[in-house]
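Worksheet: one structure, shown below.
The values are calculated or read from the model by the stated rules, or taken from the named source; none is laboratory data. Here the structure is a predicted model, which means the values were calculated and not measured. Positions of Cβ are generated from backbone atoms using ideal geometry, with glycine treated the same way; all protein chains shown enter the neighbour counts.
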Amino acid sequence: MKRNQLIKRLLQIVIVLFGISFLTFGLMYMAPGDPVQAMYAASGSIPSEEIMDQTREALGLNEPFLVQYVNWLTDCLHGDFGTSYSYSRPVTELMLARLWPTLQLALSSLVIMMVVAVPLGILSAVHRGGVIDYIVRGYTFLGVSIPNFWVGLMLLYVFAVRLEILPVVSTGQGFNKMILPAITLAFAMAAKYTRQVRTAFLEELNQDYVTGARCRGIKESVILWRHVLPNSILPLITMLGLSLGSLLGGTAVVEVIFSYPGLGNLAVDAITSMDYSLIQGYVLWIALIYMVLNLLVDISYNRLDPRIKAEGGKAKS
Amino acid sequence: MKKVTSFIKKNPAFTVFFILTLGVIAVAVFAPFIATHDPYEAVLTDAVQPPSSEHWFGTDRMGRDLFSRVIYGARASLSASLSLVCIIVVAGTFLGIIAGYFGGILDAVIMRISDMMISFPGMVLAIAVAGILGANVTNAVIAISIVSWTKYARLARSLVLKIRNRDYIAAARVTGSKNGHILWKYMLPNALPTILITGATDIGSMMLEIAGLSFLGFGAQPPIAEWGLMLNEGRAYMTAAPWLMIFPGLAIFITVVVFNLLGDSLRDVLDPRDE
């Protein structure tokens, strides 16, 4: 990636983050419900109107909107995302504590997904129109039509409640707790990726060099593994990066089902208890991580694909 | 009539899926006639009954008939997801066409906002918006609309950019057509087929998103019969009453499959270039 292109992208990230911070802050500001009241309710006391007003004053909630926004943004830029009142701990600390479990979950579901999707996609492409192809395509269709929280519930019911071989609640230690949530996440994703692998593979199989290689009598397996696979797998790497980004923000439903102690669960908790600083911190963090990942994907794509470097173009996203 | 029969002969798959879709819609419309019980009538003495000849899908913890609730749930799901798709298709297409046609600052502003939405996992923002605005179906629809219109804006914009500089557009302008006329008579019809196909294929996934928000508690609120919410309520009774989560889930699954099949076959009908 060229230098000025990189700077342009970084600038874009800053602008988008700025916009998102304004949007979330604006929404919080307009939101019905009183955070001060919620705060006292959480601590179990019902204070007088006077005390509540004092608290509002102390928290700066009586200032005009823009002043509040600028104050908050300045704090954020100094790395201070405020304190979550429902946990009584700094937002940054909470986020960091939950980031790792979610990252673990996201990565393991990506691994499971690849293990399923790549062979299935290749099989389906090589046996195009055959029985295997139909079965695989049936799965890809089902995979995108089943609600993933239902898959999670059914897995939970079969493996945890009926067979009792896996834990019902994923709060404990160890690898066991990740199996069901990771499979649930991988199920729908694998369906999407299998389609992609199949399409990419079919496209590659139609290229002239494949026909050329066949004419020269090169073994079919060599063609597939040495030539077609590396060429068709490259676009998938881009998608993987993007998927990792959306997984970090998109695991909430699955985390709730399995009571998994990750970011998604934290966000749902924060919203239910109207913990404004936590919600804002969460949204900004996810946005930042997601965009940095996107940037890294684009950079690596440029490195990996010499054709793009020559054209100086931007990777498809 | 002859036209209809020849259309059916040419597109058998589409016809079948179209009839299935009508069937699903009919279930929602005629829910009061299909349901065997009142879906909101709680008979606590009948709570958590397994499926039987009296209660085909069993009863929930309030003793409400699950079959009737699943049937009524079609109303909530279909109305929410269809209106959601309508909103994002109309809003996205409108903004995209304007951005593409007029260009300049308008284009820059609309596209930067859409960049903002795209460079962000949609579900996170949807959850945040739904949670902040307050949990109900309308707000869930608004929340998902806010993050989903961008796809249509981009699509419409690219379609408009393709024909914007064609000669016949210039000719229309030279002969005195107003911008509004050009937008309505030239740009919109050009973009519409692709937009409609995309919209039809999106209904299923939008249904899943709404059900997901309801499942998290940020969508439909009790006592509404909505599939995602019913799954959420049934979750606590997983061990004792698995039917509470099997049937609503099946209902979502079947409906989404029907709409996805319809979307795919509609693409084959309208866009024969695609394999």
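From the list A:94, A:105, the lone residue that is touching a Gly at 6+ places or on another chain (Cβ under 9 Å) and over 15 Å from residue A:279 (Cα atoms) is A:105.
Kindly evaluate residue B:85 against the criterion of being closer than 22 Å to residue B:212 by Cβ, β-branched (Val, Ile, Thr) and within 14 Å of chain A (Cβ to nearest Cβ). In short, no. Taking each residue of segment A:245-256 that is more than 7 Å from chain B (Cβ to nearest Cβ) and at positive phi and looking for partners that are surrounded by fewer than 24 Cβ atoms within 10 Å (Cβ to Cβ) and not in a helix (DSSP H, G or I) with beta-carbon atoms closer than 9 Å, six or more apart or interchain, yields nothing.
The conditions are (1) outside any helix (DSSP H, G or I); (2) of a type outside the set (Ser, Thr, Tyr); (3) without any contact (Cβ under 8 Å) to a residue 40 or more places away in the chain; (4) touching a Pro at 6+ places or on another chain (Cβ under 9 Å), and residue B:231 fails exactly one of them. Which is it? Residue B:231 satisfies every listed condition except (1).
Here segment B:106-150 is the region considered, the condition is being more than 11 Å from chain A (Cβ to nearest Cβ) and more than 20 Å from residue B:93 (Cβ to Cβ), and the residue that is surrounded by the fewest Cβ atoms within 10 Å (Cβ to Cβ) is B:138. Here is a check on your reading of the model: is residue B:155 within 24 Å of residue B:116 (Cα to Cα), more than 27 Å from the chain's Cα centre (by Cα) and in a helix (DSSP H, G or I)? Here the answer is no, as residue B:155 does not meet what is asked. The set of residues in segment B:234-272 that are closer than 25 Å to residue B:58 by Cα, part of a loop (DSSP other than H, G, I, E, B) and not polar (S, T, N, Q) comprises B:236, B:237, B:238, B:240, B:241, B:242.
Among residues that are of a type in the set (Val, Ile, Thr), assigned to a helix (DSSP H, G or I) and within 29 Å of the chain's Cα centre (by Cα), residue A:74 is included.
Within segment A:2-10, identify whether any single residue is assigned to a helix (DSSP H, G or I), of a type outside the set (Asp, Glu) and within 11 Å of chain B (Cβ to nearest Cβ), and answer yes or no. Yes, segment A:2-10 contains a residue that is assigned to a helix (DSSP H, G or I), of a type outside the set (Asp, Glu) and within 11 Å of chain B (Cβ to nearest Cβ). For segment A:98-113, the count of residues that are assigned to a helix (DSSP H, G or I) and over 30 Å from residue A:235 (Cα atoms) is at least one. Across segment B:93-131, the number of residues qualifying as farther than 21 Å from residue A:245 by Cα and part of a helix (DSSP H, G or I) comes to 20. Test residue A:33 against the criterion of being farther than 30 Å from residue A:137 by Cα, within 14 Å of chain B (Cβ to nearest Cβ) and either at pLDDT 80 or above or assigned to a helix (DSSP H, G or I) (or both), and give yes or no. The answer is no for residue A:33. Taking the criterion of being farther than 15 Å from residue A:177 by Cα and under 12 Å from the mean Cα position of the chain (by Cα), the only residue of segment A:92-108 that qualifies is A:99. Residue B:190 fulfils the conditions (1) surrounded by fewer than 20 Cβ atoms within 10 Å (Cβ to Cβ); (2) within 14 Å of chain A (Cβ to nearest Cβ) except for a single criterion, (2).
Could you check segment A:198-258 for helices (runs of 4 or more DSSP H) lying wholly inside it with 3 or more residues that are surrounded by fewer than 18 Cβ atoms within 10 Å (Cβ to Cβ)? Helices (runs of 4 or more DSSP H) meeting the threshold: A:208-215, A:229-250.
For every residue, the table says whether it meets (1) over 20 Å from residue B:260 (Cβ atoms); (2) within 11 Å of another protein chain (Cβ to nearest Cβ); (3) loosely packed, with under 15 Cβ neighbours inside 10 Å; (4) touching a Cys at 6+ places or on another chain (Cβ under 7 Å).
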{"position": "A:114", "(1), (2), (3), (4)": "yes, no, no, no"}
{"position": "A:119", "(1), (2), (3), (4)": "yes, no, yes, no"}
{"position": "A:122", "(1), (2), (3), (4)": "yes, no, no, no"}
{"position": "A:129", "(1), (2), (3), (4)": "yes, no, yes, no"}
{"position": "A:139", "(1), (2), (3), (4)": "no, no, no, no"}
{"position": "A:155", "(1), (2), (3), (4)": "yes, no, no, no"}
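Looking for whichever is part of a helix (DSSP H, G or I) and either closer than 17 Å to residue B:227 by Cβ or touching a strand residue (DSSP E or B) at 6+ places or on another chain (Cβ under 6 Å) (or both) here; the options are B:90, B:24, B:4, B:16. Which one fits? Just one listed residue meets the conditions, B:24.
Every residue, every condition in (1) more than 14 Å from every other protein chain (Cβ to nearest Cβ); (2) over 19 Å from the mean Cα position of the chain (by Cα), yes or no:
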| residue | (1), (2) |
| --- | --- |
| A:151 | no, no |
| A:162 | no, yes |
| A:185 | no, no |
| A:196 | yes, no |
| A:215 | yes, yes |
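The residue of segment A:260-288 that is surrounded by the fewest Cβ atoms within 10 Å (Cβ to Cβ), among those that are part of a loop (DSSP other than H, G, I, E, B) and at pLDDT 85 or above, is A:261.
Of everything in segment B:193-228 that is surrounded by fewer than 24 Cβ atoms within 10 Å (Cβ to Cβ) and assigned to a loop (DSSP other than H, G, I, E, B), the residue that is nearest to the other protein chains (Cβ to nearest Cβ) is B:217.
In this structure, is residue A:14 exposed (fewer than 13 other Cβ atoms within 10 Å of the Cβ), in a helix (DSSP H, G or I) and within 12 Å of chain B (Cβ to nearest Cβ)? Answer is yes for this residue.
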